[in-house]
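Scroll down for the structure; my scribbles are underneath it.
The values are calculated or read from the model by the stated rules, or taken from the named source; none is laboratory data. Keep in mind that what you see is a predicted model, and the values were worked out from it rather than measured. Cβ sites come from the backbone with ideal geometry, for glycine too, and all protein chains shown count toward neighbours.
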Amino acid sequence: MKECRKTLGLNQSQFWSPLGVTQSGGSRYESGRSIPKAVQMLLHMAYGTEKQAQDLLGELRSEKG
């Protein structure tokens with residue numbers, strides 16, 4: 001995540017805040033703490049490609065059964 005954030009030219013607050021994650025929480029994730037599934041989904045939707053977002057939607061639909 002850190003590499004992605006730096007590529008976008010964002011500081012931790014700018015990168016994580018739109019996802020509802022504090023700067024300190026983002027720092028923990030960037031340091032190796034596991035990222036909750038909900039935050040992973042938001043990351044893909046906010047910063048991923050269109051294909052990643054579509055794949056995520058497909059995954060969510062299949063989980064609903």
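In table form, for the structure just shown:
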{"item": "Breaking point among (1) surrounded by 15 or more Cβ atoms within 10 Å (Cβ to Cβ); (2) modelled with pLDDT of 85 or more, for Leu56", "result": "(2)"}
{"item": "So Leu42, is it surrounded by 14 or more Cβ atoms within 10 Å (Cβ to Cβ), within 10 Å of the chain's Cα centre (by Cα), assigned to a helix (DSSP H, G or I) and modelled with pLDDT under 95", "result": "yes"}
{"item": "Enumeration of residues in the range 14-36 that are in a loop (DSSP other than H, G, I, E, B) and not β-branched (Val, Ile, Thr)", "result": "Gly20, Ser31, Gly32, Arg33, Ser34, Pro36"}
{"item": "Selection from the range 45-54 of residues that are of a type in the set (Ser, Thr, Tyr) and part of a helix (DSSP H, G or I)", "result": "Tyr47"}
{"item": "Residue check, Arg5 part of a helix (DSSP H, G or I) and among the basic types (Lys, Arg)", "result": "yes"}
{"item": "Condition met for Ser62 (in a helix (DSSP H, G or I), at pLDDT 85 or above and loosely packed, with under 10 Cβ neighbours inside 10 Å)", "result": "yes"}
{"item": "Where a residue in the range 41-65 is under 21 Å from Met1 (Cα atoms) and its partner, wherever it lies, is polar (S, T, N, Q) and loosely packed, with under 10 Cβ neighbours inside 10 Å, with Cβ under 6 Å and at least six apart", "result": "none"}
